[in-house]
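Visitor: Just dropping this structure here.
The values are calculated or read from the model by the stated rules, or taken from the named source; none is laboratory data. No experiment lies behind these values; they were computed from the predicted model shown. A quick note on method: Cβ atoms are made from the backbone with ideal geometry, for glycine too, and the neighbour counts reach across all protein chains shown. Protein only, heavy atoms only, side chains kept; ligands, DNA and RNA dropped before computing areas. Shrake-Rupley method; radii C 1.70, N 1.55, O 1.52, S 1.80 Å.
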Amino acid sequence: MNIVILLVLSSVLAAAAFLIAFLWAAGSGQYDDVYTPAVRMLFDDTIISTEKIPIELNDHGT
Amino acid sequence: MRSIHQTPESITAHACVHCGEPIATGAVLANNLAFCCAGCKTVYEILAAHDLCEYYARETTAGVSMKRRNVREDEFTILDDPAVARKILTFASSHLNRVIWPVPSVHCASCVWLLERFERLEPGVLSSTVDIMRKTVMIDFDPRTTSLRRIAERLANIGYAPLLRLSEEEPGTKTSSVRGLYARIGIAGFAAGNTMMMYIAEYFAGPHGIEHSLVTTFRALSIALSIPVLLYSASPWFIAARAALRGRRINLDVPVALGIVVLFARSVFDIVSSTGTGYLDSFNGLVFFLLIGRLFQQRAFDALSFDRTYRSFFPLSVRILKNGNSTVIPIEKINIGDALSVRNGEVVPCDSALESEIGYVDYSFVTGESAPVECTRGEMVYAGGKAMGRAITLIASKKVSHSELAAMWEASSLLKDKENGKRRSRYLQWSDLFGTWFTLAAVGVALLGAAVWVPDWTKSFSIFTAVLIVACPCALTLAAPITLGTAMGLLGRFGIYLKNMGVLLDLERVDSIIFDKTGTLTMPDYRFSFTGRPLTQDEQIAISSVASQSSHPISRAIAGSWSDRENEFEEVKETVGGGIVGRSMGHTVAIGSIEFIREQCWNEMELGRGREIAAAVAIDGEYAGAYMMQPMVRPGIAALIAALRKTKSVALLSGDTDRDRATFEPLFGTAMRFNARPEAKIGAMEQEQSRGHRVLMIGDGLNDAGAMSAADVAIAVTDDTATLVPACDLILRADSLTKLPALVSYAHRVKQLIAVSLTFSILYNALGVTLAIMGMLSPLVAAVLMPLSSLTVIAISVAGARHFARSIAKEGRAT
């Protein structure tokens, strides 16, 4: 058996693994929204100071 | 003449810290920061308390103005009802609930930032994810800690009130079709790449070819890779073509499906009979590009949902009074005879009779009349009216679904559907005609080519199939969807939302534009200007203090402009239907109708002409002046009308009285009509059309709906995309109204762009067919020519649509 055939087959199999990964990604909804992640990634991580205790505003129902 | 509404320079110069709108009247100050209204201040305080002020650092116009919002405090009470909640939740278990809510006010990066940190504001929220294109937020929460109602209320508190819709359709049906499309593209792309790799080996093998065992393996593998593409990826075209043939029509899907089948069959035949390499690389590439075109189409569709019914204009629930208790029920459950309590700013859900002594109802959405109507006990109040000033009690006389409003809405959307059907069928006819012509021509040329070689049957067969393969109108079908789809996506960024892609082409043909006034050219709320003798500051405070004691909407608007002043008053007496008299700051102030004030004062009243007087004022028994209703014309309107008049005929068609005639005279000249009832608007529209014009109607209210469905193109102008008009083809955010001339010329450019891409694809097709006839369509030529034509069309369409969209962005900066 020609070694090139083996090479081609294994490369197609490797590519098929990526195809399956893509199908999984599409199926799990990773391509449902392709605009917001571009906005989201620009946010810097802010450090929430732990000293500040959030004031509980009594504003439910207003 | 002077306006009482002038506020100190220092504050006017500022924009509201929260919403960024210029502060016109009644600034609210807190911590040395200026807000346009108390609502905006509240949101700021909530965010400050939770350390979320970074929100304001991202975009200058981050906040959602709270001025026009009127959330009833028990608006969301109904969400505690498990039957209602079940219809809203997409997933429910004992410790995790999920809801996907449309939030129309989502518009920028700041919105995403804040809403995705929602768990800091509401304990019990596990995560929140925003989709900025669809304007939805998905919230996972723990039902043991918080509730659907608390989340909705919290969202409304910070200006992101969710649009409550009890959907009948299954959730997630739309997204699964997009996911399926991606799967199809993935498989076709995978097959295209791998077959291309194997075919290249043969193309570049040189004069001696490659080893026989390799050739066999490559070809077998190519067939194996192509079978899923034929059966799965290409199936949409087979389904479409079969549907068309069943209906005895031939549209463009037919030659596409024919091309795909012939391409695959011929390739398999060539390979199996060992007469050639086949065209499997071209086959996979073709399906891949066709699917890319589909993706553009799909993208454009799921940007903003247009399916609104009259229900989306109403609240979900209403407060009813029963045996002295008030309970909240869903509006569907209103029975005839129920006593409804409707407070200031709330919408009357069904036609009913007024039970209170007096009430003020604003029908601007339904009729276009901007001044509130005064109703007395027993009078009919119609659904869609907004209670103003004081709370009113009503006795329901019709069910919600039987109200005039519902009937009007249904009628106009039905009309629009019919109209759309007509238009779509015209487009279909054109497309069918083209498809038929194209298919017949392709088959004809193929037969002709085959006939030339007739004694040589193999050659004849090969020419026949080659022509069918290369004639497959892949690039042709890509041209329009990709251009229009790209354009639609770009326009969404400027606050211009299209219902479907064809709207741009319709817009391009418009030559007559008709504007509605209230809510379209003017802001939905009204303002008053004072005309009369100069007032001292004490007198101004006295007037607003006395006015603040009345529940009449006009008085409230007068009082509202001085909200940060101390109100001092004594002995206030109100005469229903007349006016109010009171003492404040040492003055006796009377505010009311002309007749009411005439009785109160001794001197002659100098009434201005031409303008409608909203309220007259007398101070210490002396006539001082009057408040005029002043339209708040949206900024940039004069320039907009002037720009449009250059090329099109422009007219004003208003359901309101002609009190603003003088304001609009310089803009429209004589092309103005007032007091037009909805039926009259439809009539005017048809008259214009009978003169051979293609009419664009721009409106905002239900009163325009009839005219909008009769028009060739209808644009709805809205301050928030939540309240919608039926029968519109295009939604324009109010601040984008000035971009209308740019939009029209963009539509023009887009049409030219499509023509250019079509020309290119026809040229490619002609070249391909010529080569095929001459017997020169080798697999290599096909493999180069077919993707090249698709790529050219995609490149022209996308680059062109993007390039021309820049002019719209520029227009926005200039105004």
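Visitor: Quick one: compute the contact order of the range B:661-815, relative version, from alpha carbon pairs under 8 angstrom and 6+ residues apart, as a percent.
Guide: Working: 141 pairs, mean separation 25.3, N = 155.
Relative contact order comes out at 16 percent.
Visitor: How far apart, in nm, are the 7 Å Cα→Cβ label points at residue A:14 and residue B:90?
Guide: Using points 7 Å along Cα→Cβ, the separation is 3.8 nm.
Visitor: Would you kindly derive the ³J(HN,Hα) couplings of the range B:87-94 from the backbone phi angles with the Karplus curve 6.51 cos²θ - 1.76 cosθ + 1.60 (θ = phi - 60°), listing them in order in whole Hz, with x for Gly and Pro?
Guide: 6, 9, 5, 9, 8, 9, 9, 5
Visitor: Contour minus end-to-end for residue B:145 and residue B:33, with contour as 0.36 nm per residue of separation and end-to-end as the Cα-Cα distance? Can you show the working numbers first?
Guide: On the way: separation 112, 0.36 × 112 = 40.32 nm, distance 3.47 nm.
Extra length from residue B:145 to residue B:33 when fully extended: 36.9 nm.
Visitor: Under a 5 Å amide H to amide H cut-off, with H placed in plane at 1.01 Å, what residues pair with residue B:615 once short-range neighbours are removed?
Guide: B:627
Visitor: For residue B:379, what residues show an amide H to amide H distance below 5 Å, using hydrogens built from the backbone and excluding near sequence neighbours?
Guide: B:354
Visitor: Round to a whole angstrom and tell me the spacing of the C-alpha centers of the range B:632-696 and the range B:339-408.
Guide: Between the Cα centres of the range B:632-696 and the range B:339-408 lies a distance of 29 Å.
Visitor: Would you check the accessible area of residue B:150, probe 1.4 Å, heavy atoms only, in square angstrom rounded to 10?
Guide: That residue has around 80 Å² of solvent-accessible surface.
Visitor: Can you give the accessible area buried between chains A and B, summed over both chains, with a 1.4 Å probe, in Å² to the nearest 100? If you can, show how the numbers build up before the last one.
Guide: Working: alone 6400 and 36030 Å², together 39040 Å².
Interface area, both chains combined: 3400 Å², rounded to the nearest 100.
Visitor: Then there is this: Whole-Hz ³J(HN,Hα) for each residue in the range A:10-16, computed from phi via Karplus 6.51 cos²θ - 1.76 cosθ + 1.60 with θ = phi - 60°, x for glycine and proline: what do you get?
Guide: 5, 5, 5, 5, 4, 4, 4
Visitor: Shifting gears a bit: Given a Förster radius of 35 Å and the C-beta distance between residue B:645 and residue B:15 as r, what FRET efficiency does 1/(1 + (r/R0)^6) yield to the nearest 0.05?
Guide: Computed FRET efficiency for residue B:645 and residue B:15 comes out at 0.65.
Visitor: Of all trypsin sites (Lys or Arg not before Pro) in the range B:208-252, which ones are in loop regions per DSSP and have a Cβ with at most 11 other Cβ atoms within 10 Å? Kindly include the intermediate steps, with their values, before the conclusion.
Guide: Values: sites: B:219, B:242, B:246, B:248, B:249; in loops: B:248, B:249.
Sparse-neighbourhood loop trypsin sites (Lys or Arg not before Pro): B:248.
Visitor: Residue B:203 versus residue A:23, label points 7 Å from Cα toward the beta carbon: distance in nm?
Guide: Modelled inter-label distance: 2.7 nm.
Visitor: Between rounded, prolate and oblate, where does the range B:640-710 land on the alpha carbon gyration tensor, with a ≥ b ≥ c its root eigenvalues, rounded for a/c under 1.5, else prolate if a/b exceeds b/c? List each step's numbers first, then the result.
Guide: Details: a/c = 1.78, a/b = 1.11, b/c = 1.61.
It comes out oblate by the Cα gyration axes.
Visitor: What residues have an amide H closer than 5 Å to that of residue B:650, excluding those fewer than 5 places away on the same chain, when H is modeled at 1.01 Å from N in the peptide plane?
Guide: Counting only residues 5 or more places away or on other chains, the set is B:513.
Visitor: With every protein chain kept in the model, how would you rank B:386, B:41, B:322 by accessible area, 1.4 Å probe, largest at the top?
Guide: Values: B:386 80, B:41 55, B:322 110 Å².
Greatest to least solvent exposure: B:322, B:386, B:41.
Visitor: Computed FRET efficiency, Cβ-Cβ of residue B:332 and residue B:748, R0 56 Å: what is it to the nearest 0.05? Before the final figure, lay out each step's value.
Guide: On the way: r = 46 Å, r/R0 = 0.83.
Working from the Cβ atoms, E equals 0.75.
Visitor: Something else about it: Would you mind checking B:135/B:333; B:135/B:648; B:646/B:751; B:87/B:517; B:41/B:333 for any pair whose Cα atoms are more than 28 angstrom apart? Don't skip to the answer; put the middle values down first.
Guide: Working: B:135/B:333 30 Å; B:135/B:648 34 Å; B:646/B:751 21 Å; B:87/B:517 38 Å; B:41/B:333 37 Å.
Going by Cα-Cα distance, B:135/B:333; B:135/B:648; B:87/B:517; B:41/B:333 fall outside the 28 Å limit.
Visitor: Let me ask another. Please calculate the 1.4 Å probe accessible area of residue B:404, with all protein chains present, and give it to the nearest 10 Å².
Guide: Counting only protein heavy atoms, residue B:404 exposes about 100 Å² to solvent.
Visitor: Something else about it: Which length gain, in nm to one decimal place, applies between residue B:776 and residue B:622 when the Cα-Cα distance is subtracted from 0.36 nm times their residue separation? All intermediate terms of the calculation are to be shown ahead of the outcome.
Guide: Numbers: separation 154, 0.36 × 154 = 55.44 nm, distance 9.95 nm.
Contour length minus Cα-Cα distance gives 45.5 nm.
Visitor: Sketch the reach of a paramagnetic label on residue B:321 as a point 7 Å from Cα along Cα-to-Cβ, and name the residues of the range B:349-386 whose backbone nitrogen lies under 11 Å away.
Guide: B:355-357
Visitor: Rounded to the nearest 0.05, what FRET efficiency do residue B:246 and residue B:766 give with R0 = 22 Å and r taken as the Cβ-Cβ distance? Could you check?
Guide: Details: r = 31 Å, r/R0 = 1.42.
Using R0 = 22 Å, I get an efficiency of 0.10.
Visitor: According to the square roots a ≥ b ≥ c of the eigenvalues of the Cα gyration tensor, what is the shape class of the range B:253-293, taking rounded for a/c under 1.5, prolate for a/b larger than b/c otherwise, and oblate for the remainder?
Guide: Values: a/c = 4.61, a/b = 1.86, b/c = 2.48.
Oblate, because a/c is 1.5 or more while a/b does not exceed b/c.
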